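Every read-out reported here was derived from the displayed coordinates using simple, explicitly stated rules and does not represent laboratory data. Computed from a predicted model, the values in this text were never measured in an experiment. Backbone-built Cβ (ideal geometry, glycine too); neighbour counts: all protein chains shown.
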Amino acid sequence: MKKEEEINFQKSDDFSRTMIPGSFARKMRTCVIWQFIRFVIINIKMIIVVGKSH
Amino acid sequence: MARLVVLGGGVAGHTTATFAAKWLGSAHEVVVVTPNAKWNWIPSNIWVGVGQMTKDEVTFDLAGVYAKAGITYKQAKAVSLNPEGNTSSDKSFVTIEYTGQDKEGTSENIEYDYIVNATGPKLNFDATPGLGNGEGQMGDNTVSVCTADHAVHASHKLTEAIEKMKKGERQKFLVGTGHGMCTCQGAAFEYIFNIEHELRKAGVRDMADMKWISNESFLGDFGMGGLHMKVGGYVVSSKLFAESLFAERNVEWLIGAHTSKVEAGKVEYELLDGSKGEEEFDFAMLIPPFAGVGLKAYDKAGEDITGTVFAPNGFMKVDAKYDAGAYENWKASDWPRTYQNPTYSNMFAAGIAFAPPHIISKPMSSPNGTPINPTPPRTGMPSGIIGKAVAHSVCDLMTKGESAHLHEASMAEMGAACVASAGKGVFSGTAAAMTVYPVVPDFETYPGTGRDTDYTFGEIGLAGHWIKHILHFLFIYKAKLNPGWTLIPE
C-alpha cells in the first residue's frame, strides 16, 4: 500500500536515516482547532521565557 | 545637558535610542546616526523574498518617529571615533558622513558624553570571490534577503524561475551560507522552506531540485551548537527535527561546507573532511559572512587605536573574556554582561556590533586549516534586550553620575524566542516556534544539554505561523512608538 509520507525515505541515504511525520502528524500541523490550542500554549511558554530574560 | 549618540537604527540601536529618549526626557539629548532612511523589520524580509509582502510592509520612515520621540536624527554613517577628543579639545567625538538629508558626502564631528555602537554588521559579500561585486556589494551570481531591497530583487528572480518551471524547464535551488564563517543560518532556513512552499502553491514543486548548503557541522546547529528539546517524553537534539523537516520537504543538504567561490550558476566548496566539490544552481540565495562596519578609532594625538577599541573582525570590544583560549575552557561567564568598552567607559556596544568572546558552536576546521563553523547569532530578542539594558545603564550614568550601577543582560543568562517560517498562509502556513534558555549554553548550571529543557522547546505548525505574523505587526507597531509601545517586550 502506497503511503505518500513514506516515499521520501527512498530518495536519499540521509533521508532514510531520519524521521518523517506521518499523515496524522502532518494534518495536525494545520488543523485549526488543534493549532489554536497550540497557539495558546506556545504563547504562554514564550511569555515565560521572555519574562525570565528581562 | 549631556548628549548620548547612538550609532545605528536597527533593533538594538532603535531600542537603545527610543528608551533613552523616553527615560531622559528633554533634560538630555539623544542623537541617532544611521545611514538608512527607513527602519526594516528584517525577519519579514523572508516573505518579501518570496513575493508575499512588499518592501513598504516591512519598512517605515525613521524621520517622523524620531521627531515624535524628540531624538535628533542624522542620516549618516559613522566613520571614526575619537574617544579622547583631539589636540584642541578633550571632548569625545564621532566623525560621521551624511548619506541623506540633502547633505550627502558631508562630514561632521559630533561630540558626545556617551556613545552606543549599534551599527549592526557589514554584509561582507566580498569575503567569498564571486559572492560580492568586488566593491562591497552583493554580486550578480546570487540573491540575498538581508535587506528589504535585496529581498525584492530575490522575489523577482524567484518569479522568473517559477515562470521557467511552468514552461517545463527544471530549476535547481541552492540556499544557505556563502562562507565558512557565516551566521544567520535561520534566515536561510526560513527562505528555503518558504520557496518550497511557494513552489507547491504554484504547482511546480516537481520541477525543482532543492539543496541546502551550510557551514553548520550538523543540521539544526543554527550557530548555537543546536538545542535539545523535550518531545514525547524524550529529550531530543534539534538535529533530528531539522533533518526530519528537510527529508519531509525533499530538500537535500550539504553541511560542514565553506563556500569558497561563486560563479554564474556554480559554487565551489570545501568540506570539513578537506574534500572539495562543486554544486550547480539556477537560483541561489547565500547569506554573506558578517564583519564590523569598519569604524576607525584615534587617540588624542591622532594615532590609530582601532585595534584597542575593536576586535580584528571589526566588532567593538566590551566586557567579555576574550582570552578564554581553547574550546574546553569556554564558559558561560565569558560572555559580556554590561557591554561597556573596557578602555573607554563612556562607550558601549549593543546587538551585532559587540565582539563576542568566541563562537557558541564547537569550533571546527578542515584538514587544510579552513575554519568552517557558524559564528554566534544575535537575533532580535537578545539584541533588543541588550539595547534596553545599555540604554538603562547610560541613562543612569547620565542622571546619577559615573558611579551608577550598570544594568546587565548576558546572553548566557537570557533566553530567546524565535519563530522560523516554513511557509506563509493563514491556514496553510507553518513555522517552527522555538525558545532557548539560555541562548549561550551554560554547562556548569545545566550539565548535559547546557540549557534548561523546561524552557527550551520547539514545534512546527500553523500556530507558529500565526505567531510570526502577529509579531510582524506587533514589532512594527512598537518601533513606530505607537501608544503602549513600552508594554510590548523586546
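Can you give me the distance in nm between label points at B:Glu160 and A:Lys3, each placed 7 Å from the Cα along the Cα-to-Cβ direction?
Output for this residue pair reads 4.3 nm.
In nanometres, what is the gap between the two model label sites at B:Tyr327 and B:Glu57, each 7 Å from Cα along Cα-to-Cβ?
Inter-label distance under the simple model: 4.2 nm.
Collect residues whose amide H, placed 1.01 Å from N in the peptide plane, falls under 5 Å from the amide H of B:Lys266; neighbours closer than 5 in sequence don't count.
Long-range HN contacts for B:Lys266: B:Phe281.
Shape verdict for the stretch B:161-261, please, from the Cα gyration tensor: rounded (a/c under 1.5), prolate (a/b greater than b/c) or oblate. Can you show the working numbers first?
Values: a/c = 2.83, a/b = 1.49, b/c = 1.91.
The shape class here is oblate.
Mind listing the long-range amide H neighbours of B:Trp253? Cut-off is under 5 Å, sequence gap 5 or more, other chains count too, H placed in the peptide plane at 1.01 Å from N.
B:Trp212
Of the GluC sites (Glu not before Pro) in the stretch B:234-340, which ones lie in a loop per DSSP and count no more than 16 other C-beta atoms within 10 Å?
Values: sites: B:Glu243, B:Glu248, B:Glu252, B:Glu263, B:Glu268, B:Glu270, B:Glu278, B:Glu279, B:Glu280, B:Glu303, B:Glu328; in loops: B:Glu303.
Of the GluC sites (Glu not before Pro), the ones in loops of the stretch B:234-340 whose Cβ has at most 16 other Cβ atoms within 10 Å are B:Glu303.
In whole Å, largest first, what are the principal axis extents of the Cα atoms in the stretch B:220-270?
Principal-axis extents of the stretch B:220-270 (Cα, largest first): 47, 24, 12 Å.
Residue by residue through the stretch B:470-485, what is 3J(HN,Hα) from phi via Karplus (6.51 cos²θ - 1.76 cosθ + 1.60, θ = phi - 60°)? Round to whole Hz and write x for glycine and proline.
Those phi angles translate into 5, 4, 4, 5, 5, 6, 5, 4, 5, 5, 7, 6, 6, x, x, 4 Hz.
With +1 assigned to the C-beta of every Lys and Arg and -1 to the C-beta of every Asp and Glu, and no other charges, what is the dipole magnitude of chain B about the Cα centre in debye, to the nearest 20? Mind dumping the intermediate values first?
Numbers: 41 positive and 54 negative charges, 214 e Å.
My answer is approximately 1020 debye.
Efficiency by 1/(1 + (r/R0)^6): what FRET value for B:Ser345 and A:Ile41, r their Cβ-Cβ distance, R0 = 41 Å, to the nearest 0.05? Intermediate results must be reported in sequence, preceding the final value.
Details: r = 45 Å, r/R0 = 1.09.
Approximately 0.35, to the nearest 0.05.
What 222 nm value per residue comes from the helices of chain A, counting each DSSP H run with n ≥ 4 as -39,500 (n - 2.57) and dividing by all residues, nearest 500 deg cm²/dmol?
Working: 3 runs with 33 residues, N = 54.
Calculated mean residue ellipticity at 222 nm is -18500 deg cm²/dmol.
Average partner chain C-beta neighbours within 10 Å, per residue of A:27-37? Kindly include the intermediate steps, with their values, before the conclusion.
Values: counts 0, 2, 9, 10, 3, 5, 0, 3, 8, 3, 1.
The mean count of partner-chain Cβ atoms within 10 Å per residue comes to 4.
For B:Val231 and B:Leu487, what is the calculated FRET efficiency with R₀ set at 22 Å and r taken between the beta-carbons, to the nearest 0.05? If you can, show how the numbers build up before the last one.
Working: r = 33 Å, r/R0 = 1.49.
Plugging the Cβ-Cβ distance into 1/(1 + (r/R0)^6) gives 0.10.
If you fit an axis through the alpha-carbon atoms of helix B:238-248 and take the longest principal axis of the Cα set of chain B, what angle between them do you get, 0 to 90°, nearest 10?
Rounded to the nearest ten degrees, it is 40.
When DSSP assigns beta bridges and you keep just the ones with both residues in the protein assembly as shown, what percent turn out antiparallel, to the nearest 5? Present the calculation step by step, with values, prior to reporting the outcome.
Working: 48 of 82 bridges.
Counting DSSP beta bridges with both partners in the protein assembly as shown, the antiparallel share is about 60 percent.
What are the ³J(HN,Hα) couplings of the stretch B:101-113, residue after residue, when phi is run through the Karplus curve with 6.51, -1.76, 1.60 and θ = phi - 60°? Round to Hz, x for glycine and proline.
6, 6, 10, 3, x, 7, 9, 8, 9, 10, 6, 9, 8
Can you pull out the trypsin sites (Lys or Arg not before Pro) in the stretch B:1-104 whose DSSP state is coil and whose Cβ has at most 15 other Cβ atoms within 10 Å?
On the way: sites: B:Arg3, B:Lys22, B:Lys38, B:Lys55, B:Lys68, B:Lys74, B:Lys77, B:Lys91, B:Lys103; in loops: B:Lys91, B:Lys103.
Listed in order of number, the matching sites are B:Lys91, B:Lys103.
Roughly how many nanometres apart are two label points built 7 Å out from the Cα toward the Cβ at B:Thr106 and B:Asp299?
3.4
Put +1 on the Cβ of every Lys and Arg and -1 on every Asp and Glu Cβ in chain B; which of B:Trp335, B:Gly232, B:His258 then has its Cα farthest towards the positive end of the dipole?
B:Gly232
Helix B:185-201: angle to the longest alpha-carbon principal axis of chain B, degrees 0 to 90, nearest 10?
40
Once every DSSP H run of n ≥ 4 in chain B is given -39500 (n - 2.57) and the sum is divided by its residues, what mean residue ellipticity at 222 nm do you get, rounded to the nearest 500 deg cm²/dmol?
Helices in chain B give a 222 nm mean residue ellipticity of -7500 deg cm²/dmol.
Per-residue Cβ counts within 10 Å, from other chains only, averaged over B:456-466: what number is that? Intermediate results must be reported in sequence, preceding the final value.
Details: counts 2, 5, 1, 5, 3, 11, 10, 13, 5, 4, 7.
Partner-chain Cβ atoms within 10 Å, mean over residues of B:456-466: 6.
Quick one: grab the alpha carbon gyration tensor of the stretch B:421-490, order the square roots of its eigenvalues as a ≥ b ≥ c, and give me rounded if a/c is under 1.5, else prolate or oblate depending on whether a/b is larger than b/c. List each step's numbers first, then the result.
Values: a/c = 3.90, a/b = 1.41, b/c = 2.77.
It comes out oblate by the Cα gyration axes.
On alpha-carbon atoms, Rg over Rh for the stretch A:4-53 using Kirkwood Rh?
Using Cα coordinates only, the ratio equals 1.21.
Report the antiparallel proportion of the DSSP beta bridges in chain B as a percent, rounded to a multiple of 5.
Details: 48 of 82 bridges.
Of all bridge pairs located within chain B, approximately 60 percent are antiparallel.
Per q in 0.12 1/Å, what log10 I(q)/I(0) does a Debye calculation on the alpha-carbon atoms of chain B return?
-1.10
Please give me, ordered by residue number, the trypsin sites (Lys or Arg not before Pro) of the stretch B:154-218 that lie in loop per DSSP and have at most 11 other Cβ atoms within 10 Å.
Numbers: sites: B:Lys157, B:Lys164, B:Lys166, B:Lys167, B:Arg170, B:Lys172, B:Arg200, B:Lys201, B:Arg205, B:Lys211; in loops: B:Lys167, B:Arg170.
In loop regions of the stretch B:154-218 (DSSP not H, G, I, E or B), the sparsely surrounded trypsin sites (Lys or Arg not before Pro) are B:Lys167.
So what's the gap between the Cα centers of the stretch B:113-161 and the stretch B:5-63, to the nearest angstrom?
After rounding, the separation between the Cα centres reads 18 Å.
Along the principal axes of its C-alpha atoms, what lengths does the protein assembly as shown span, in descending order and rounded to whole Å?
For the protein assembly as shown, the Cα extents along the three principal axes come out at 83, 47, 47 Å.
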